[in-house]
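To start, the structure under review is shown below, and the notes come after it.
We did not get these values from a lab; they are worked out from the coordinates using the rules stated. Predicted model only: the values in this text are computed from it and were never measured. For neighbour counting, all protein chains shown are included, and Cβ atoms are generated from backbone atoms with ideal geometry for every residue, glycine included.
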Amino acid sequence: MRPTLVFDLDGTLIDTAHDLVATLNVILERENLTALPFENAVSMVGHGARVLIERGLAANAVTREAAIVDRMFDDYIAHYTDHIADLSRPYPGLIAALDHFAAEGWILAVCTNKLEHLSVDLLGRLDLASRFAAICGADTFLARKPDPIALTETIRRAGGVREAALMVGDSKTDIDTAKAAGIPVVAVDFGYTPIPVTELGPDAVISHYDELVGAVTRLRPDLAVAR
């Protein structure tokens, strides 16, 4: 039975915030609204494009009818697709960590609330897609995180089993999803959550990917991850 390691995407595998915020500002400016400073907008990232747009509108102290938000969402996806990897890059140490787990026979997968085609596109442009047995997004299944079905179905699609799986994420959504699925979760503290992950009850916290092997080993020594 091969163990499975499931990763969130934005703020966990890849630092995508600059491209996400840049796209938000393009869409806001098309509506004659004020672009947001990156440092103010980064905490809005991580819950999908529609929520990001709604938060951008709220930051401008305006609302828009649902049909206009729908159009803004479509415009956002179109622009973001063309600029999805302009500035987005893997977090330091990620590639070495993926290499290690792959060499040890682990199945690697992605469970994200980003749309599936955008997730596959981003990881493909960064030459990472082939490393994952499954890349599942907000529209892959009938449920999305924090519904545990999104995680358990990702594991199943990747060829793993829940009993031999762990998750790595950066947010309350990821932690709640893993807990609901009965799966240990490692939180990274360099993601986009405005709440420190130490306050969200993960099973372990890491500050760099060179700490991941040790964290996984402590949580599941029975899965025999070599140091």
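Observations, loosely collected:
- Calculated mean residue ellipticity, 222 nm, the chain: -12500 deg cm²/dmol, from DSSP H runs (n ≥ 4) at -39500 (n - 2.57) each, averaged per residue and rounded to 500.
- When the chain is treated as a GNM with alpha-carbon contacts under 10 Å, the residue of Ala58, Ala204, Ala66 showing the greatest mean-square fluctuation is Ala66.
- Inter-label distance for Asp147 and Ser43, nm, one decimal - labels placed 7 Å from Cα along Cα-to-Cβ: 3.0 nm
- With Cα atoms, 0 to 90° folded angle of helix 172-181 axis to the chain main axis: 40 degrees
- DSSP-defined beta bridges in the chain - what % are antiparallel, rounded to 5: 10 percent
- What the Cβ-Cβ distance of Glu163 and Ala58 gives, at R0 = 41 Å and to the nearest 0.05, is a FRET efficiency of 0.45.
- Degrees separating the helix 17-30 axis from the principal Cα axis of the chain, which is the longest one: 20 degrees
- Annotation: lysines with alpha-carbon distance below 16 angstrom to Lys114 (same-chain offsets under eight excluded): Lys145, Lys172.
- Alpha-carbon centroids, region 7-49 and region 151-227: separation in whole Å: 24 Å
- Length added when fully stretched, Thr198-Ala35, from 0.36 nm per residue minus Cα-Cα: 55.5 nm
- Debye-formula intensities of region 17-82, expressed as log10 I(q)/I(0) at q = 0.18, 0.19, 0.21, 0.29 Å⁻¹, are -0.55, -0.61, -0.76, -1.59 (one equal scatterer per alpha-carbon, no solvent).
- Order by protection proxy (mean Cβ within 10 Å, highest first), peptides 115-123, 79-87: 115-123, 79-87
- Annotation for Arg218 and Val26: the two label points, set 7 Å from Cα along the Cα-Cβ direction, are 4.2 nm apart.
- Rounded to the nearest 10 degrees, the angle from helix 66-82 to the longest Cα principal axis of the chain is 60 degrees.
- Along region 140-149 the Karplus relation, 6.51 cos²θ - 1.76 cosθ + 1.60 evaluated at θ = phi - 60°, assigns HN-Hα couplings of 6, 10, 6, 10, 10, 4, x, 5, x, 4 Hz to successive residues, with x for each Gly and Pro.
- Positive-end extreme of charge dipole, the chain - chosen from Asn32, Pro202, Ser119 (charges on Cβ): Pro202
- Here each label is just a point 7 Å from Cα along the line to Cβ, and for His18 and Asp189 those points are 2.4 nm apart.
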